[in-house]
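The values are calculated or read from the model by the stated rules, or taken from the named source; none is laboratory data. These numbers come from a predicted model, not from an experiment. Quick reminder, even Gly has a Cβ in these numbers, built from the backbone with ideal geometry, and neighbours come from all protein chains shown. For accessibility, only protein heavy atoms count, side chains too; no ligands or nucleic acids. Shrake-Rupley method; radii C 1.70, N 1.55, O 1.52, S 1.80 Å.
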Amino acid sequence: MQHSHDALDRPGGFSSGGLLGPLRHRDFRVLWAGMAVSLLGDGIFLVAIAWESYLLWNAPTALSIVGIGMALPMVLLLLPGGVVSDRYDRRRVMLWADGVRAAAVAALAALVLVGGLRFWELVALVAVYGIGTAFFTPAFEAIVPDLLPSSDLPAANSLDQFVRPIALRLAGPMVGGALVAAGPGLAFAVDAATFAASLVAVVRIAPRRDHRAQATSSSFGAVREGLRFVRQRVWLWGTLAAAAGAYLVFLGPAEVLLPYLVKNDLHASADTLGFVFAAGGIGAIGSALWMGRRGHPRRDITVMYVTWTLATLAIVGYGLAAAAWQLMLACLVFNALETAGTIVWATVKQRHVPSALLGRVSSLDWFISIGLLPVSFALTAPVAAFAGVRATLVGAGLLGAAITLAALFLPGMRDIERSSEPLVPVGAAVPVAGGARASVSSLN
């Protein structure tokens, strides 16, 4: 999910600099210049990997297996990735992780270009890609508060959710559709090249403080410390648990069956799939701009859950759509609402989680909320074979929305809405032993 907002009075809101305010900080500006180019490549990858999977094996099972191959190593390594990002130089972690991902995509490009890619090789290479993502994601989320004052974090989250969909969901898929039409190998090659921008940007960031100095316990103890922090906060554990349940129900069907519908039901091209993804990008961009102007909502948890619930309902539209424009509309609505909730979520997490724990909490966020994603991918093909592709999408949207909304009514979920101050000061240290118990959070 994402957040962003403009001109808040309370602590943690951002100043009159608005959406572009964080760019006055050199390291953040350099990081996001590189990330924007890399995200463009990720958008190309979205189209290329789906189309190549169905070229090799034209059945929902194909993309399900590819999804499991990418998600499983990512889920298994997220917790180690969080510990590493809190204990070591986050710049170096990001460099190594992006290097691994670039190598995997380059190998894909080479195999496709020579006509030698086999399905098992595709699965193996996306698994390597998932390993890199497991380490890059918590390190990236944790380094942003190191680059900015806390007052700029909501604006930075808004900017993130503005730039990300432009590159990942709008420009990337449109370019990806055109490149795949010319040849999937070319699309993978361009994606691999975009990682260079990310690597250069991370290298140019000034070194931060040495996180190894904070290592006071074993790796297992460090994970346990992060888990204890999450467990003591309902807004955290409740959100993560809700995301785990909702993602189990709807994310696999949405990721696997949307490209299948475009190719086999609408008999459309990769260009059409690119346009459907691009419509989602337009929705996310508009949402980020609107959230940036509105500012962080005072009833942030309530707003977050309502928007995520409505976003999940939009998955029903995939199952009901009879034309490409209807899929585009459903994708636009889903991404617009998903983005609004995510912007709120990111700011809440950054305000209430100490910097020393943010890498581990972010990895737990991902680990718990997407922990069942491989199961979701595995179940999608048999459920679709039994109930039908469209019925699976409709049911996934309805059940996922119900799970999401139910979490809002957990006792204590909205307690932090009553306070304008962070429960844990940004940058504060949390004792390894003792302390209050907390709960969890999620992403959607």
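Take the conditions touching a helix residue (DSSP H, G or I) at 6+ places or on another chain (Cβ under 7 Å), buried (at least 21 other Cβ atoms within 10 Å of the Cβ) and closer than 27 Å to residue 329 by Cα and apply them to residue 153. Does it pass? Reasoning before the result, please.
Working: touching a helix residue (DSSP H, G or I) at 6+ places or on another chain (Cβ under 7 Å): yes; buried (at least 21 other Cβ atoms within 10 Å of the Cβ): yes; closer than 27 Å to residue 329 by Cα: no.
So residue 153 fails the test.
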### Task
Just give me the residues in segment 368-390 being farther than 19 Å from residue 404 by Cβ, in contact (Cβ under 8 Å) with a residue 12 or more places away in the chain and of a type in the set (A, V, I, L, M, F, W, C), in sequence order.
377, 378, 381, 383, 384, 385, 389
## Note on the structure
Checking 193, 182, 178 in turn, the sole residue that is more than 30 Å from residue 296 (Cα to Cα), out of contact with any helix residue (DSSP H, G or I) (no Cβ under 8 Å at 6 or more places or on another chain) and open to solvent by 40 Å² or more (accessible area, probe 1.4 Å) turns out to be 182
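Checking the structure you have, find out if any residue of segment 82-98 is closer than 30 Å to residue 294 by Cβ and either β-branched (Val, Ile, Thr) or in contact with a Lys or Arg (Cβ under 6 Å, 6 or more places away or on another chain) (or both). Before you say what the answer is, go through the steps one by one.
As a first pass, look at segment 82-98 and keep what is closer than 30 Å to residue 294 by Cβ: none.
The answer is no, given that none of the residues of segment 82-98 is closer than 30 Å to residue 294 by Cβ and either β-branched (Val, Ile, Thr) or in contact with a Lys or Arg (Cβ under 6 Å, 6 or more places away or on another chain) (or both).
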## Note on the structure
Inside segment 242-300, the number of residues satisfying the requirement of being crowded, with 21+ Cβ neighbours inside 10 Å and of a type in the set (Lys, Arg) is 0
### Task
Could you tell me whether segment 142-162 includes any residue that is β-branched (Val, Ile, Thr) and within 30 Å of residue 226 (Cα to Cα)?
yes
### Task
Report, ordered by the first and then the second residue, all pairs with beta carbons closer than 8 Å, sequence separation of six or more or different chains, a first member in segment 93-107 that is part of a helix (DSSP H, G or I), and a second member that is surrounded by 24 or more Cβ atoms within 10 Å (Cβ to Cβ) and of a type in the set (Asp, Glu).
105/191
### Message
With at negative phi, at pLDDT below 90 and open to solvent by 50 Å² or more (accessible area, probe 1.4 Å) as the only criterion, which of 55, 46, 63 stands out?
### Response
55
#### Entry: Top-ranked residue of segment 411-426 - restricted to ones that are at pLDDT 85 or above and buried (at least 17 other Cβ atoms within 10 Å of the Cβ), ranked as nearest to residue 238 (Cα to Cα)
413
### Query
Considering only segment 290-308, how many residues are farther than 20 Å from residue 163 by Cβ and not polar (S, T, N, Q)?
10
### Task
Look at residue 393 and say whether it is in a helix (DSSP H, G or I), within 23 Å of residue 81 (Cα to Cα) and open to solvent by less than 10 Å² (accessible area, probe 1.4 Å).
no
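Residue 69 - would you say it is crowded, with 24+ Cβ neighbours inside 10 Å, under 19 Å from the mean Cα position of the chain (by Cα) and not hydrophobic (A, V, I, L, M, F, W, C)? Before you say what the answer is, go through the steps one by one.
Numbers: crowded, with 24+ Cβ neighbours inside 10 Å: no; under 19 Å from the mean Cα position of the chain (by Cα): yes; not hydrophobic (A, V, I, L, M, F, W, C): yes.
Here the answer is no, as residue 69 does not meet what is asked.
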### Query
When you scan segment 20-66, how many residues do you find that are closer than 19 Å to residue 141 by Cα and basic (Lys, Arg)?
2
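Based on what the data block shows, is residue 374 at pLDDT below 85 and either within 30 Å of residue 321 (Cα to Cα) or assigned to a loop (DSSP other than H, G, I, E, B) (or both)? Spell out how you get there, then give the answer.
Working: at pLDDT below 85: no; either within 30 Å of residue 321 (Cα to Cα) or assigned to a loop (DSSP other than H, G, I, E, B) (or both): yes.
No.
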### Summary
Cβ pairs under 8 Å, 6+ apart or interchain, first in segment 394-412 and touching a residue at least 60 places away in the same chain (Cβ under 8 Å), second in a loop (DSSP other than H, G, I, E, B) and open to solvent by 60 Å² or more (accessible area, probe 1.4 Å), ordered by first then second residue, are 408/414
### Task
Considering only segment 76-129, state which residues are closer than 17 Å to residue 357 by Cα and among the hydroxyl-bearing types (Ser, Thr, Tyr).
85, 88
